[in-house]
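One structure is given here, and the rest of the page talks about it.
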Amino acid sequence: MYVNMIPMMNVKELRNSLNFTQEDLARKLDVTIQTIRRWEKGQKRIHKAHQRRLDRLARKVQIAKDKEIR
């Protein structure tokens, strides 16, 4: 599940799988909570630098899920 391969609406799905609040994710990415809300609603495009950070978080989630399956 890589964020750049799926719609922005899945930022919320990623955030939930990390058990992060919007505030937690905002702090992690150094953006405002409002920015997170806009991403989740598809109202704002994700800047490439933030996209890369989200990709790294998504990879961590996928790795954890893969380990659970084994």
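The values are calculated or read from the model by the stated rules, or taken from the named source; none is laboratory data. From a predicted model like this one, the values you see are computed outputs, not experimental measurements. Note that each Cβ is placed from the backbone with ideal geometry, even for glycine, and that neighbours are counted across all protein chains shown. These accessible areas exclude ligands, DNA and RNA; they are computed on the full protein's heavy atoms, side chains included. Shrake-Rupley method; radii C 1.70, N 1.55, O 1.52, S 1.80 Å.
Using the Cβ of N19 as centre and a radius below 13 Å, the other residues enclosed give a net charge of +1, where K and R count +1 and D and E count -1. Each of I69, T32, F20 was scored by the projection of its Cα onto the charge dipole of the range 11-70, and the greatest displacement toward the positive side belongs to T32; charges sit on the C-beta of Lys, Arg, Asp and Glu. Taking only protein heavy atoms and a 1.4 Å probe, the accessible area of the range 19-70 is 46% carbon and sulfur.
In sequence order, the range 16-27 has phi-based couplings of 5, 5, 8, 6, 9, 7, 4, 5, 4, 5, 4, 4 Hz under the Karplus curve 6.51 cos²θ - 1.76 cosθ + 1.60, θ = phi - 60°, and Gly or Pro positions carry x. Model label sites at D30 and K48, defined 7 Å from Cα along the beta-carbon direction, differ in position by 1.7 nm.
Placing R0 at 22 angstrom, the Cβ-Cβ distance between A64 and T21 gives a FRET efficiency of 0.70 after rounding to 0.05. As a ratio to 2.2 N^0.38 Å, the alpha-carbon radius of gyration computed for the range 9-70 takes the value 1.12.
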